[in-house]
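Visitor: For reference, the structure I am asking about is given below.
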Amino acid sequence: MKLVTLSLVVCNDTSVVVQEVVVLGVGIKKLNARNNLVQINPNPASKQTVLAYQIPSSKTAVFKLYGANGRAVYQSKLEGNGSQILNTAGYAEGVCFYEVLLGNKVVENGKLIVVR
């Protein structure tokens, strides 16, 4: 376990606030970026974002999104190539983390920033 410093940037029409938060990094590890099974755009997102995916044929992946408190806030099965809209309006502002699983193995992870 180690301490990790995260920078959170929050923008609105009149100001930009940068807040650094030190958290205990438990099991958060950036995996090999070559996977690129999913792309989230826009990121940061305010009301909604698009999850685009390219899953190898004959495989099913599971996309899991976790809120800042570590609880799962969204989960979806992904097959083939496609996209889906994620409604982020109900999520708390801050950093959400995601992982993509093939079988029981995490093959990709990353973050989604939710802003208001």
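Bear in mind these aren't lab numbers, they're just calculated from the coordinates by the rules spelled out. Here the structure is a predicted model, which means the values were calculated and not measured. Note that we place each Cβ from the backbone using ideal geometry, even for glycine, and neighbour counts take in every protein chain shown.
Visitor: Listing Lys105, Lys111, Lys47 from the residue with the fewest other Cβ atoms within 10 Å to the one with the most, what is the order?
Guide: Values: Lys105 7, Lys111 17, Lys47 11.
The order, fewest Cβ neighbours first, is Lys105, Lys47, Lys111.
Visitor: To continue, here is another question. Residue by residue through the range 44-51, what is 3J(HN,Hα) from phi via Karplus (6.51 cos²θ - 1.76 cosθ + 1.60, θ = phi - 60°)? Round to whole Hz and write x for glycine and proline.
Guide: So the Karplus estimates, Gly and Pro as x, are x, 10, 10, 10, 7, 8, 9, 9 Hz.
Visitor: Same structure again: Mind putting a number on the dipole of the range 29-114 about its Cα centre? Charges go on the C-beta only, +1 for Lys and Arg and -1 for Asp and Glu, and I need it in Debye to the nearest 20. Before the final figure, lay out the partial values.
Guide: On the way: 10 positive and 4 negative charges, 43 e Å.
The dipole of the range 29-114 has a size of about 200 debye.
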